[in-house]
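*Asks:* Quick one: structure below, then a few questions.
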Amino acid sequence: MTQPRDFGFGEEQVMLQDSARRFMEDKAPLNALRAATKGTEDPYLGDERTGHYNPDAWKEMVELGWTALAVPEEAGGVGMNLITAVAVAEEIGRAAMPTPLTMTLLATFVLREAGTTEANQWLERIAGGLSMTLALHGKEDFLETDSTQVTASDSDLSGTSWYVQDIQKVDAVLVAAKDGGDVKLYCIELGADGVSMEHDRIVDLTRDQGRLTFDGAAATKVSDAGVDVINAAMPAMLTLLSADTAGACEWLLQETAAYAKVRTQFDRPIGFFQAVKHPIVNMMITADETRSLVYAAACTIDNEPEGSELAARLAKSSACDTAEFCANRATQLHGGIGFTWEHDVQIYHKRVMHTQQLFGDGVFQRSKAAELF
Amino acid sequence: MAASETAEQREFRAYCRAWLEENRPPPTAMPLPQAAYEVMTEDHRSYLVDWQNKCYEAQLIATDVSKEYGGHGHNGFQQIASTEVRRANVPYFINWIGLGMAAPTLLIHGTEAQRKTYLPPIFSGEDIWCQGFSEPGAGSDLAGLQTSAVKDGDNWIVNGSKVWTSLGHFARWMLLLARTDKSDKYNGITYFIGPMEHEGVTVQPIHKMTGESGFNEVFLEDVVVPDHMRIDAVGTGWKVAMSTLTSERGAAQGVGAVATSESPFAAIESLIQLAKTKKRNGRLIWDDPVWRDKLMKLYERTEASTQNFRRARVDALNGGAMRIPLQGKLTGSELGQELHQVALSILGQEASLYIGDDNSEENGRWALGYMNTYTGTISGGSSEIQRNILGERVLGLPKTK
Ligand SMILES: Cc1cc2nc3c(=O)[nH]c(=O)nc-3n(C[C@H](O)[C@H](O)[C@H](O)COP(=O)(O)OP(=O)(O)OC[C@H]3O[C@@H](n4cnc5c(N)ncnc54)[C@H](O)[C@@H]3O)c2cc1C
């Protein structure tokens, strides 16, 4: 074993996580989110499909250095490792915060793998506060690394990318496109000529999603080796998304345990009954398994790259199943109130379900992991 | 090597590894049972006591215990020794109750004289210990125990019976809970060192569903226990018992107890190998995506339990000192059970073949192992009781009495 026993989670990471948690609490994104959705008679059918995003919070996050965190020093960043980014991603999940930061971190790790001068130039912009998302998927068999339906000719992009996350919140996008038979990677600002977007109607209230259509849009090529780069960055991406879920599931656990102490039926707090108590304990067990696997994956990626894929697939496999279980029990054990628009549980329930499908659910992760044996 | 490990710790780890490699004992004539819970024969007993004593002398046991109590006086080395013992896949330590429960209990609650008398032979394996907690009428509700101890001058006279007493047939001493006050359920219990060789003690083996023995019923009839063998004050037995149980469930600092020799990882890895050799439906089981999913889920959870163990030692990440340790016995035993269930379904009709059948897979180990997983899910507080404890102590939910 060449890994630090503490997962590389040292004092610096503890301080960062604390300040991230305090930041999220201060900005109270949940209250803001509820305020934004309250009173709408049929919130899903309105025309507005924003991710309820607070641009001021983004500016502050940039000032706190969170976009520069994982950017290498030679590209003007702080050059921290994945476990450090995980510390922040977990807090974003715990707060169910609508923010482009998570996708920007994912894009950062893809650009790090690309390693070209052009990629470094975009990384420099991220360090300076540019937010970025990924447009890697086509519509069919979208989890394949070459599923993109966008084509490139001399860095001019044409075609449509599907399931692009947080497109209403970001400044730029990293696009996978086929040039001849090869998948190559490009960066482009969303406001550039020839880029148009359509918003999906999605279940998750904390994110937004859509399609991006390119019509001869002039982009910067950042890598010729698209498939290799995406595959190399996949473990870090899976780990960051799993960290988001780990944070969100801890919230679901704590919220459900707290409710079981105050809601009284049959003259007792419902947490007295084992049909309530034991599933809450099972939530804790699955949430703890996920958290441990997330830290282990981050630490493996930081220190022993050869074990990265397995460690990350196990983390995402666990995160997906934990999400399903914790969301399910949290809603059920709240009874009627847990089924309402009013209650925060629904916000988390939808967020973790959404994350579950990003880059593949548990069944998918396990089928990929098995190939490594 | 681990960044937070000191040079001395690294050196000690290397020493443990080398020692275990060089001193691995030859196999026994009859194969050992899967765990120390099931040791029955005299041959196995003496072989295992020799092995434990050798490991004790090599400083793998009582590594961090101070020298005045027979320990080796190190600091922060025990965990390394125990990890290496587990990794080396060598025989388990027969005196697991002595090491895992009696020693920690005596270190916390024993008198100076008790520690000096009883600890060294626990470490060497010379004195085997058993645990006399459960009674026919007191299982999960342990405080319902009725075995009585009545003061008679400098002695106590003990009457009653204990059940499911593992290793009672080899034991010299028992961790004995007895009622000294009938009017107070919890504060009426006192903790003693029970002398198994005194007059009035009868040990009767009980057979397990596996066909093995290993636990017993113990009858206590006017057994004389000197007062100096009382642990802690009269009426504090419940509190002391809770600290013993914390050790039993693996949540306390051990002194080197390792009761089984197979690591969970070795088990899941051999299961994957099994799936790569057995066929179903015209193809290898491993080539069937449904099976792969099942196996990878087990692999994921096994890795998670290893990583939980690691995270429990990182203060900033463990969510409270007891949160992860209290889950260890529950998740470990249930995971082991599921793993064995899956093994039996991979074997299919072959799962019917048991120990001694030449056509069985590894002499029936999966069927035997499956049945023995209930040891983990029932003893030391059942899984249901563990869930109560976790809900109440870690999450603060209202108590189920
Ligand atoms: C292999 C083996 C070795 C053992 N070795 C020892 C030993 O060395 N020394 C010793 O003292 N004891 C030993 N035991 C005993 C063990 O600790 C008890 O069996 C255990 O505590 C359960 O008690 P019980 O068998 O009386 O079951 P019961 O308490 O009668 O339980 C029956 C069922 O009811 C459930 N239940 C009970 N109360 C509750 C509740 N409040 N909430 C939810 N569910 C509940 C239990 O989980 C169980 O499923 C051993 C047991 C086994 C199987």
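*Asks:* Restricting attention to region A:94-141, which residues are of a type in the set (Lys, Arg) and within 18 Å of A:Pro235 (Cβ to Cβ)?
*Replies:* Within region A:94-141, just A:Arg112 meets the criteria.
*Asks:* Would you tally the residues in region B:126-178 being out of contact with any Gly (no Cβ under 8 Å at 6 or more places or on another chain), buried (at least 20 other Cβ atoms within 10 Å of the Cβ) and within 27 Å of B:Gln78 (Cβ to Cβ)?
*Replies:* The total comes to 4.
*Asks:* Do any residues in region A:1-21 that are more than 7 Å from chain B (Cβ to nearest Cβ) have Cβ atoms under 6 Å from those of residues that are among the aliphatic types (A, V, I, L, M) and surrounded by 15 or more Cβ atoms within 10 Å (Cβ to Cβ), where the two are at least six apart or on different chains, and which pairs are they?
*Replies:* A:Gly8/A:Ile83; A:Gln13/A:Ala87; A:Leu16/A:Ala87; A:Gln17/A:Ala87; A:Ala20/A:Val88
*Asks:* Would you mention how many residues in region A:255-284 are open to solvent by less than 10 Å² (accessible area, probe 1.4 Å) and either within 7 Å of chain B (Cβ to nearest Cβ) or of a type in the set (A, V, I, L, M, F, W, C) (or both)?
*Replies:* Total meeting the criteria: 8.
*Asks:* Within region B:95-150, track down each residue that is charged (D, E, K, R), over 22 Å from B:Tyr186 (Cβ atoms) and either outside any helix (DSSP H, G or I) or in contact (Cβ under 8 Å) with a residue 60 or more places away in the chain (or both).
*Replies:* Start the filter on region B:95-150 by keeping residues that are charged (D, E, K, R), which leaves B:112, B:115-116, B:126-127, B:135, B:141.
Narrowing the set further to residues that are over 22 Å from B:Tyr186 (Cβ atoms) leaves B:112, B:115-116, B:126-127.
Scanning region B:95-150 gives B:Glu126, B:Asp127.
*Asks:* Please verify whether A:Gln209 is of a type in the set (S, T, N, Q), buried (at least 19 other Cβ atoms within 10 Å of the Cβ) and more than 19 Å from B:Gly319 (Cβ to Cβ), treating the condition exactly as stated.
*Replies:* It is true that A:Gln209 is of a type in the set (S, T, N, Q), buried (at least 19 other Cβ atoms within 10 Å of the Cβ) and more than 19 Å from B:Gly319 (Cβ to Cβ).
*Asks:* Hey, can you tell me all the residues within region A:285-322 that are touching a Pro at 6+ places or on another chain (Cβ under 6 Å) and small (Gly, Ala, Ser)?
*Replies:* Hits for region A:285-322 are A:Ser308, A:Ala312.
*Asks:* Considering every residue within region A:314-330, establish whether at least one is open to solvent by less than 10 Å² (accessible area, probe 1.4 Å), in contact with a helix residue (DSSP H, G or I) (Cβ under 6 Å, 6 or more places away or on another chain) and among the basic types (Lys, Arg).
*Replies:* Scanning region A:314-330 turns up at least one residue that is open to solvent by less than 10 Å² (accessible area, probe 1.4 Å), in contact with a helix residue (DSSP H, G or I) (Cβ under 6 Å, 6 or more places away or on another chain) and among the basic types (Lys, Arg).
*Asks:* Separate question: Please go through region A:111-159 and pick out each residue that is of a type in the set (Asp, Glu), in a loop (DSSP other than H, G, I, E, B) and touching a strand residue (DSSP E or B) at 6+ places or on another chain (Cβ under 7 Å).
*Replies:* Across region A:111-159, the qualifying residue is only A:Asp146.
*Asks:* Further question on the same structure: Just to check your reading of the model, which residue among B:Tyr370, B:Tyr354 is of a type in the set (Phe, Trp, Tyr) and surrounded by fewer than 17 Cβ atoms within 10 Å (Cβ to Cβ)?
*Replies:* So the residue among B:Tyr370, B:Tyr354 that is of a type in the set (Phe, Trp, Tyr) and surrounded by fewer than 17 Cβ atoms within 10 Å (Cβ to Cβ) is B:Tyr354.
*Asks:* Next question, about the same structure. Can B:Ser140 be described as within 16 Å of the ligand (Cβ to nearest atom), touching an Asp or Glu at 6+ places or on another chain (Cβ under 8 Å) and within 14 Å of another protein chain (Cβ to nearest Cβ)?
*Replies:* Spelling it out, B:Ser140 is indeed within 16 Å of the ligand (Cβ to nearest atom), touching an Asp or Glu at 6+ places or on another chain (Cβ under 8 Å) and within 14 Å of another protein chain (Cβ to nearest Cβ).
*Asks:* Being among the aliphatic types (A, V, I, L, M) and either at pLDDT below 95 or surrounded by fewer than 21 Cβ atoms within 10 Å (Cβ to Cβ) (or both): is that true of B:Met296 here?
*Replies:* no
*Asks:* Considering only strands (runs of 3 or more DSSP E) fully contained in region B:180-255, which possess at least 1 residues that are within 13 Å of the ligand (Cβ to nearest atom) and within 17 Å of the chain's Cα centre (by Cα)?
*Replies:* B:215-226
*Asks:* Here are the criteria: (1) more than 20 Å from B:Ala58 (Cα to Cα); (2) within 16 Å of the ligand (Cβ to nearest atom). Tell me which single one B:Gly110 does not satisfy.
*Replies:* (2)
*Asks:* Listed residues B:Gly76, B:Gly100; which is on the phi > 0 side of the Ramachandran plot and either within 14 Å of chain A (Cβ to nearest Cβ) or within 16 Å of the ligand (Cβ to nearest atom) (or both)?
*Replies:* B:Gly76
*Asks:* In region A:350-373, how many residues are facing chain B (nearest Cβ under 8 Å), open to solvent by 10 Å² or more (accessible area, probe 1.4 Å) and in a helix (DSSP H, G or I)?
*Replies:* The qualifying residues number 3.
The values are calculated or read from the model by the stated rules, or taken from the named source; none is laboratory data. No experiment lies behind these values; they were computed from the predicted model shown. Neighbour counts are summed over all protein chains in view; Cβ atoms, including those assigned to glycine, are modelled from backbone coordinates with ideal geometry. SASA here: full protein model, heavy atoms, side chains in, ligands and nucleic acids out. Shrake-Rupley method; radii C 1.70, N 1.55, O 1.52, S 1.80 Å.
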